[in-house]
Amino acid sequence: MDISPSKYKYLATLNGGYVANNYYIGYNSNFIINARFSYFYSEKKSLGADFTYTSFAYDDDIENYGADFAGGKQSYFDLLLNAQIGTFEKSNDVDAYVNVGAGVHVSSRTSSVSTYYSFNDTNSFSYTNPSSTRFYAAMQIGGGLIIKPIYNIGINLEADMVVYFSGVTIIFQL
């Protein structure tokens with residue numbers, strides 16, 4: 001696979017995957033979508049931008065514990081400006097690179113209603129959580145390998161950690 005900067009100055013990728021962890025009790029993980037654009041300004045370095053979207057929804061199984069939930073979809077948006085430093089040469093069977101960046105993490109939640117039931121009688125009470133949107137500064141660090149076993153066919157393996165004010169998200173892209 002010839003991704004050498006002498007031949008290509010721009011690289012755009014679209015990735016998708018599944019978030020394996022439950023970050024919050026009662027939430028189901030969903031898919032993650034990532035788009036990246038890179039501009040190679042030298043043989044070994046590029047500048048770029050990443051946009052990532054991840055969504056979570058309440059776990060319906062939690063209703064077995066005396067509570068019902070409606071609404072409350074949680075969505076994450078990350079917009080990061082980053083740089084990659086690596087080998088990126090046509091003659092290599094494997095290229096390695098480091099990925100660093102900074103940007104903004106947005107956490108958005110739709111309004112939800114939680115209804116709790118008493119185990120002793122038929123009483124219940126409901127609580128409404130308003131929708132909210134929060135912005136956090138984010139930093140990204142990671143690395144990757146581009147394995148090129150066959151001419152013009154390759155596999156990109158990348159692991160990034162995005163750190164923001166309220167937590168850490170680890171993203172593995174294949």
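Applying 1/(1 + (r/R0)^6) with R0 = 30 Å to the Cβ-Cβ distance of A67 and Y136 gives a FRET efficiency near 0.55.
Rolling a 1.4 Å probe over the protein heavy atoms leaves Y117 with an accessible area of roughly 110 Å². The Cβ shell under 15 Å around Y39 holds other residues with a net charge of +3, Lys and Arg each +1, Asp and Glu each -1. Electrostatic bookkeeping for T54 treats Lys and Arg as +1 and Asp and Glu as -1; over the other residues with beta carbon under 14 Å from its beta carbon, the sum is -1.
When only the heavy atoms of the protein chains count and the probe is 1.4 Å, how do M139, M161 rank by accessible area, highest first? Walk me through the numbers before you get to the answer.
Working: M139 130, M161 70 Å².
Sorted descending by solvent-accessible area, the residues read M139, M161.
Report the accessible area of L11, computed with a 1.4 Å probe over the heavy atoms of all protein chains in place, in Å² rounded to the nearest 10. In the full protein context, L11 sits at about 70 Å².
Below 8 Å between Cα atoms, with a sequence gap of 6+, how large is the relative contact order for the stretch 113-165 in percent?
29 percent
Measure off, as a whole percent, the carbon and sulfur share of the 1.4 Å-probe accessible area of the stretch 114-156, all protein chains present. All intermediate terms of the calculation are to be shown ahead of the outcome.
Values: 1980 of 3240 Å².
Summing carbon and sulfur atoms, their accessible area is 61 percent of the total for the stretch 114-156.
May I ask you to derive the FRET efficiency for V163 and I85 from their Cβ-Cβ distance with R0 = 22 Å, giving the value to the nearest 0.05? So, using R0 = 22 Å, E works out to roughly 0.70. Given in Å, the Rg to one decimal and the Dmax to the nearest whole number for the Cα atoms of the stretch 49-142 are 21.5, 74.
The values are calculated or read from the model by the stated rules, or taken from the named source; none is laboratory data. Computed from a predicted model, the values in this text were never measured in an experiment. Heads up, the Cβs are rebuilt from the backbone with ideal geometry, glycines too, and the neighbour counts pull from every protein chain shown. Accessible surface is based on the protein model in full, side chains and every heavy atom, while ligands, DNA and RNA are left aside. Shrake-Rupley method; radii C 1.70, N 1.55, O 1.52, S 1.80 Å.
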